[in-house]
1. Pick from 16, 11, 31: which is of a type in the set (S, T, N, Q), closer than 25 Å to residue 201 by Cα and modelled with pLDDT under 95?
2. Would you mention how many residues in region 34-59 are of a type in the set (D, E, K, R) and at pLDDT 95 or above?
3. Any residue at all in region 78-93 that's touching an Asp or Glu at 6+ places or on another chain (Cβ under 9 Å) and open to solvent by 60 Å² or more (accessible area, probe 1.4 Å)?
4. Is it true that some residue in region 184-195 is in a loop (DSSP other than H, G, I, E, B) and closer than 22 Å to residue 103 by Cβ?
5. Just the residues that are of a type in the set (A, V, I, L, M, F, W, C) and either over 21 Å from residue 110 (Cα atoms) or at pLDDT below 95 (or both), please, taken from region 120-136.
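The values are calculated or read from the model by the stated rules, or taken from the named source; none is laboratory data. Note that the structure is a prediction, hence the values are computed from the model and not measured. Reconstructed Cβ throughout: ideal geometry from the backbone, glycine too, with neighbour counts over all protein chains shown. Note: areas computed on protein heavy atoms with side chains; ligands, DNA, RNA excluded. Shrake-Rupley method; radii C 1.70, N 1.55, O 1.52, S 1.80 Å.
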Amino acid sequence: MGGEAGAALRSLRLRSQTDLKIVGILLAAGSGSRFGSDKLRHALPHGVAIAVQAARHLTSQVTVVAVVRPGSDELAAALQAEGCAIVVCDNAAEGMGATLACGVRATPEADAWLVALGDMPFVRPTSIAAVRAALEEGAPLTAPYFHGRRGHPVGISARYRADLAGIGGDEGAKALLLRHSADLRKIPVGDPGVIRDIDRPEDLAPPLRV
């Protein structure tokens, strides 16, 4: 009887964890000023736009809300075609923090978020899945690490909803992660894509082997 009860409790815990509503927030409201053009719409060598590639990898693992700036109709349409719900952030010009807050406020039903960047098209789906799994296992904060460097996407549980909804500026969730570093589960990955964002055209060159 004790064994059956233990198995039932384990089954209940498993269901409660995997039933979490985890929403991906793709931050795609940047202006790309250092790139010299709209980098999120810039085509990679295989013809797919940077933000679209990032969206494809994220939507392969979770339901995704893409946050865009006003006037980015073509980008919004391309991301919607990849299965993203679109949120237009009126104050996106204030920075990444404001964009993240828009995404959080637009998803009040979420139990946790996977926060990804639209200018990081090389993150492997397996890395995204590892962060999602850590959230499902109960980690309040989690992120992939490549050679000791924190990358994206970052997993954040809804216990920090109020903090995220009030974020501003351009640092995103960086201050939150520093403040609660003891709660952060670090996931070592062999994926350089988790730290490879595109700021300038030269960032698209093949990376050095590491």
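1. Working: 16 fails: closer than 25 Å to residue 201 by Cα; 11 fails: closer than 25 Å to residue 201 by Cα.
Matching residue, one of 16, 11, 31: 31.
2. 1
3. Narrowing region 78-93 to residues touching an Asp or Glu at 6+ places or on another chain (Cβ under 9 Å): none.
No: region 78-93 contains no residue that is touching an Asp or Glu at 6+ places or on another chain (Cβ under 9 Å) and open to solvent by 60 Å² or more (accessible area, probe 1.4 Å).
4. Taking region 184-195 as the starting set, the residues that turn out to be in a loop (DSSP other than H, G, I, E, B) are 189-191.
Add one more test, that the residue is closer than 22 Å to residue 103 by Cβ, and what stays is none.
Checked region 184-195: no residue is in a loop (DSSP other than H, G, I, E, B) and closer than 22 Å to residue 103 by Cβ.
5. Narrowing region 120-136 to residues of a type in the set (A, V, I, L, M, F, W, C): 120, 122-123, 128-131, 133-135.
Within region 120-136, 120, 122, 123 meet the criteria.
To keep it simple, each residue is scored yes or no on (1) buried (at least 21 other Cβ atoms within 10 Å of the Cβ); (2) over 17 Å from residue 174 (Cβ atoms); (3) out of contact with any helix residue (DSSP H, G or I) (no Cβ under 8 Å at 6 or more places or on another chain); (4) small (Gly, Ala, Ser).
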| position | (1), (2), (3), (4) |
| --- | --- |
| 113 | yes, no, no, no |
| 117 | yes, no, no, no |
| 122 | no, yes, no, no |
| 125 | no, yes, no, no |
| 131 | yes, no, yes, no |
| 135 | yes, yes, yes, no |
| 143 | yes, no, no, yes |
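Condition check ((1) within 22 Å of residue 30 (Cβ to Cβ); (2) open to solvent by less than 20 Å² (accessible area, probe 1.4 Å); (3) at pLDDT 95 or above; (4) among the basic types (Lys, Arg)) across all residues:
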| position | (1), (2), (3), (4) |
| --- | --- |
| 138 | no, no, yes, no |
| 152 | yes, no, yes, no |
| 159 | no, no, yes, yes |
| 166 | yes, no, no, no |
| 176 | yes, yes, no, no |
| 181 | no, no, yes, no |
| 185 | no, no, yes, yes |
